[in-house]
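Quick notes on the structure that follows.
The values are calculated or read from the model by the stated rules, or taken from the named source; none is laboratory data. Quick caveat, the model's predicted, so the values are computed rather than measured. Using ideal geometry, Cβ is built from the backbone for each residue, glycine included, and neighbour counts are taken over all protein chains shown. In case anyone asks, the SASA skips ligands and DNA or RNA and just uses the protein heavy atoms, side chains included. Shrake-Rupley method; radii C 1.70, N 1.55, O 1.52, S 1.80 Å.
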Amino acid sequence: MPIAPPPTRRHLAGFRGTGYDKGRPAAVQALWLAVSGLVVVRWWCPASLRAALLRAFGARIGTGTVIRHRVRVHWPWKLTVGDDTWIGEGAWILNLEPVTIGSDVCISQDVLLCTGSHDARSATFEYDNAPVVVQDGAWVAARATVLRGVTIGADAVVGATALVTTDVPPGARVLAPRGHVVP
């Protein structure tokens, strides 16, 4: 049996971020980070102001959508949310690439929608990003994680703490392994 060559060690100093477009100039990015950290995530910021600030920075948010406190949005100009959607307390939308959330969607507490990753085969650990889509009527339950390139189909349910790495068909249910008592 042939012996596999040793893996190439990463050289992070060579990282260039090729292919990643932040979408706005550095001054706009800095202003968003300040507004987000000082106002948007705070408990005292009304949901209507939260949505208005996100829209002011380029997010497309439908009517009747409720975004709770402690919701973090990396780049609002890469976020689209439909009508009557709920985004729960502590959710993190790490949208290096576009995130599209439909109408009548529930993104529960502490959910992570993550469009970013790195190419493990790249010696300089370059980005391997892709959009995330959550279609109309879906529910992503508490502390679930949806990774880059995934589409959650219409009316699908992603259970609490589930890790989603592939597309979920419309109407499907994805549940995390359940803890059980070991005798």
*Is it true that some residue in the range 16-39 is touching a Cys at 6+ places or on another chain (Cβ under 6 Å), modelled with pLDDT of 95 or more, of a type in the set (A, V, I, L, M) and surrounded by fewer than 17 Cβ atoms within 10 Å (Cβ to Cβ)?*
yes
*Does Leu113 satisfy the criteria of being buried (at least 22 other Cβ atoms within 10 Å of the Cβ) and at pLDDT 95 or above?*
yes
*Assess whether Thr166 counts as being open to solvent by 80 Å² or more (accessible area, probe 1.4 Å), among the β-branched types (Val, Ile, Thr) and more than 14 Å from Val105 (Cβ to Cβ).*
yes
*Could you pull out the residue among Ala130, Ala138, Ala156, Ala160 that is under 12 Å from the mean Cα position of the chain (by Cα) and at pLDDT 95 or above?*
Ala130
*Which is basic (Lys, Arg) and over 21 Å from the mean Cα position of the chain (by Cα), of Arg60, Arg16, Arg24, Arg55?*
Arg16
*Select from the range 70-106 the residues that are open to solvent by less than 10 Å² (accessible area, probe 1.4 Å), without any contact (Cβ under 8 Å) to a residue 24 or more places away in the chain and not in a strand (DSSP E or B) and list them in ascending order.*
Thr85, Ala91
